[in-house]
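Working notes for the structure below.
We did not get these values from a lab; they are worked out from the coordinates using the rules stated. Quick caveat: nothing in here was measured; it's all calculated off a predicted structure. Cβ placement follows ideal geometry from the backbone for every residue including glycine, while neighbour counts extend to all protein chains displayed.
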Amino acid sequence: MNEKLKTVIGEIINEIKETDTFGEWTKSLESEIKKIFPKSAVYVGLDSGIGKHITIFFTIGKDKSEYANKIEHNDPARHILMIHLNDDVTNDSSLPDKMALELVTGGSILVAPPKDSFLAFGRAKIGFRKKTGTPNQIFKHVINYFKKMKTVWLANKNNLGGGSDTNKILQKKY
């Protein structure tokens, strides 16, 4: 990682404020991701299904007008991350001691396939590791991941796969 990126990440981590409630923590996380990708769709919220978890949903496109064929799954940087929690967590409760972060969808950006390939897309990998830790450690890990994603996006935005007109719109976003 280059020194400039380390400095920027360090500044963001130093800006992370301690929050009183779980709901404030999720809002703060969403806000920090939006600082990295201000023109993109970001959702961070508490969900229930099989146990309680935080869902982090991200697309480089802001809405369906920016997805190829108006389908969200066609976004070249679509990501879903999940933070597993104890079942007793609510938006008004204090932060749990431990959380576990895992990638559900993503980990790469869809780019043009390699030459002479039958694939529809290639991938520019971002690099993700599962993480278990305190809320502050998870917060830092998520922010670092989105910083790496922005670096990979900037390096590959002119090589997006699919050749659609919406990809030309997305190339100009960042």
Given charges at beta-carbon only (K, R positive; D, E negative), |dipole| of the stretch 83-154 in Debye
580
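Past 25 Å, Cα to Cα: identify those pairs from LYS39/LYS140; LYS52/LYS98; LYS34/LYS157; LYS140/LYS172; LYS148/LYS173; LYS64/LYS131, in the order given.
Listed pairs above 25 Å: LYS140/LYS172; LYS64/LYS131.
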Please give the per residue volume of the convex hull enclosing the alpha carbon atoms of the stretch 37-116, rounded to a whole number of Å³.
137
Can you pull the Kirkwood radius for the stretch 27-174, inverse mean 1/r over Cα pairs, to one decimal in Å?
16.2
Highest mean first, how do 120-133, 142-155 rank when packing is the count of other Cβ atoms within 10 Å averaged over residues?
142-155, 120-133
How many nm separate the modelled label positions at THR134 and GLU72, each set 7 Å beyond the Cα in the direction of the Cβ?
3.4
Find how many whole Å separate the alpha carbon centroid of the stretch 93-148 from the alpha carbon centroid of the stretch 41-88.
12
